[in-house]
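Since every read-out is calculated from the coordinates, none of them should be taken as a lab result. Note that the structure is a prediction, hence the values are computed from the model and not measured. Because the Cβ atoms are built from the backbone with ideal geometry, glycine has one as well, and the counts that use them run over all protein chains shown.
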Amino acid sequence: MRSRRDSYTGRMAILAICLAMLACRASAAPGVALQLELTTKPGTELAFDPDRVSAPAHVPVSLVFTNASSVEHNVVFLGPVDAATRPIVQPGETDVVEFETPAPGSHRFVCSIHEDMSGTLEIR
């Protein structure tokens, strides 16, 4: 015959397992379907690398931007994509931006610090 203590311990173990399972589900990335990586050219060259990235339409994206340059940069999307990195991403730093891709088409992104530095997000 099981004691009350054994029964209580068993119920607590089951509760702990259930809570752990819920915590794992809650901490998973909320629906990120695609991770894109974007960096800058090294040194003082004012260019994204690559300057063209692509993704399918209407999917959650996590864009990982790394500033490999020796000067400050950022990434700001124009048009229907409402996303941007921090205003200043220092050399050697990384910032992550999450957004949902819009309808198919070509959508421009820029470094707002350097007006001639741009790239294209191609949505298929």
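Local charge sum around Pro87 (other residues, Cβ-Cβ under 12 Å, Lys/Arg +1, Asp/Glu -1)?
Around Pro87, the surrounding residues sum to -1.
How many nm is it between the label spots at Ala33 and Ala83, if each spot is 7 Å from the Cα in line with the beta carbon?
1.2
Using the beta-carbon distance between Glu98 and Ser70 and R0 = 35 Å, what value does 1/(1 + (r/R0)^6) give for FRET efficiency, to the nearest 0.05?
Computed FRET efficiency for Glu98 and Ser70: 0.80.
Please report Val64, Val75 as a ranked list, fewest other C-beta atoms within 10 angstrom at the top and most at the bottom.
Neighbour counts put them in this order, fewest first: Val64, Val75.
Can you sort His73, His107, His58 so the residue with the fewest Cβ neighbours within 10 Å comes first?
His58, His107, His73
Cβ under 10 Å from Phe65's Cβ, Phe65 left aside: what net charge do those residues give with Lys, Arg +1 and Asp, Glu -1?
-2
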